[in-house]
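The values are calculated or read from the model by the stated rules, or taken from the named source; none is laboratory data. Predicted model, so just to flag it, every value in this text is computed and none were measured. Cβ sites come from the backbone with ideal geometry, for glycine too, and all protein chains shown count toward neighbours.
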Amino acid sequence: MKVSLEPMVQGAQRTEFLIPIIPTAITQPVTAPPAAPVETPKIIELIKTDFKYPVFQYPGSIAEVQLGATKSEGGSRGRVYKIGGSTALPFWRFDGVSPHLPVVALDTFDLAPPLARPVKDAYKDVLEDPVAWAKLCIDKYGADLPSIHLVSTDPGVKNTSATDAAKLVENVLQAVDTPVIVGGSGNPQKDMEVFNKIAEVTKGEHLVFSSVTTDMDIEKTVKPMIQYNHDLVALAFMDINQARELCRKSQEAGLPRTQLILDNTTGGLGYGIEYSFSIFQRTRFAALMGEEVFQVPLSSASTNAWAAREAWQKPEVLAPSESAAPVESWGPRELRGPIWEATTALVLSLCGAELFMMMHPLAVKLFRDFGTLVAKSQLQKTLKEIHPENWVTMKT
């Protein structure tokens, strides 16, 4: 093989030389001797060990908030509910069990807004009567409490007076023996006026007012809640810093954590629920890790699931054959919508939501059945008897 070395200095000579090649190195490669066989050890028995769930000790805990008050407590309710009080993440049963089941409210309105057909069908006989609507939610559909939204108080709608709104709430309190959630119209100035009047005439009832936002005078909104012993929902719009500000200012204004509930805003399934889950989870983690302003129960307006068109829209109709009946390609809306709403509530319950405002009675049933199941101290069957590997077809 001829090798040529080129000079790097000007004027130097190039050097060439030959390297001999041994043919046998290529044509007759040297092979290594065969390795001695290695015996593979036989597995006689797997190592046995006990599995122990990791147990975490959190420095923070969630304040307990009571909804409603009995006669002995200064109200008139026949039943009350409590949320909060947890010291661990939801459903981490190895850390601790939540002291309370989720509380579910069904939405009612003093002026019915446009509703999806499945929802309208469920309330078609009471849409013009908010008191009967609230009573139906409790007596027939099994909600824990009604949530009455005073839409007509908006100056841009009917501008119903605060006095008339208060009379309506009093009538609802007469019709049901449960706590009541009172929602405003979304107009900051009018909501403060309405909330103040209702809080005064229902003194001691521990109503839940929904809600105070950053564009309201927080100190003025909080004052009647303290004076007349009511609970208040702080509504933040998918912004953990805004939520922190709302909770901090409400507490600085004198509202104790035992009367405050945080709503981080619910984006329905397929409509932003991943953002809601992230905010809810970060809030609950921060609370358990010691951030005091966040140590309050969380609320989810799961009704917002109906904003997703997949929950209510009627898609194209499929006809598999001439003899088969046509079917909706997305499945029947009577089932699809409630499942959409129940799934939305379920997802947010996994990261700490405890108070749920919902719309369809079937969605409430589906969600509550799940909540009852996971809240049991122990399942009736062992894991081996349940056969979790058959999860596709199993029934519990």
Subset of the stretch 224-253, residues surrounded by fewer than 17 Cβ atoms within 10 Å (Cβ to Cβ) and either under 17 Å from the mean Cα position of the chain (by Cα) or within 18 Å of Leu207 (Cβ to Cβ) (or both), comes to Ile226, Gln227, Phe237, Met238, Asp239, Ile240
In the stretch 254-267, what residues are surrounded by fewer than 24 Cβ atoms within 10 Å (Cβ to Cβ) and over 23 Å from Ala69 (Cα atoms)?
Thr265, Gly267
Please find, within the stretch 126-151, the residue that is surrounded by the fewest Cβ atoms within 10 Å (Cβ to Cβ) out of those that are closer than 20 Å to Glu334 by Cβ and not aromatic (Phe, Trp, Tyr).
Lys140
Within the stretch 317-332, is even one residue among the aromatic types (Phe, Trp, Tyr), surrounded by fewer than 19 Cβ atoms within 10 Å (Cβ to Cβ) and at pLDDT 80 or above?
no
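Give the residues of the stretch 71-100 that are hydroxyl-bearing (Ser, Thr, Tyr) and under 24 Å from Ile138 (Cβ atoms), sorted by residue number. Explain how you work it out, then say what you get.
In the first step, residues of the stretch 71-100 are kept if they are hydroxyl-bearing (Ser, Thr, Tyr); the result is 72, 76, 81, 86-87, 98.
Within the stretch 71-100, Ser72, Ser76, Tyr81, Ser98 meet the criteria.
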Just for helices (runs of 4 or more DSSP H) wholly inside the stretch 214-298: which have at least 2 residues that are touching a Ser or Thr at 6+ places or on another chain (Cβ under 7 Å) and either more than 21 Å from Val103 (Cα to Cα) or without any contact (Cβ under 8 Å) to a residue 12 or more places away in the chain (or both)?
218-228, 240-252
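Out of everything in the stretch 115-125 that is out of contact with any Lys or Arg (no Cβ under 8 Å at 6 or more places or on another chain) and more than 17 Å from Gly183 (Cβ to Cβ), what residue ends up being surrounded by the most Cβ atoms within 10 Å (Cβ to Cβ)? Steps first, answer last, please.
First pass over the stretch 115-125, keeping only residues out of contact with any Lys or Arg (no Cβ under 8 Å at 6 or more places or on another chain): 115, 119-125.
Applying the additional criterion that residues be more than 17 Å from Gly183 (Cβ to Cβ) yields 120-122, 124-125.
Numbers: Lys120: 12, Asp121: 11, Ala122: 21, Lys124: 9, Asp125: 10.
This residue is Ala122.
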Hey, does the stretch 28-42 have a residue that's touching a Lys or Arg at 6+ places or on another chain (Cβ under 8 Å) and at pLDDT below 95?
no
Residues within the stretch 130-185 that are more than 16 Å from Ala69 (Cα to Cα) and not in a helix (DSSP H, G or I), tallied:
19
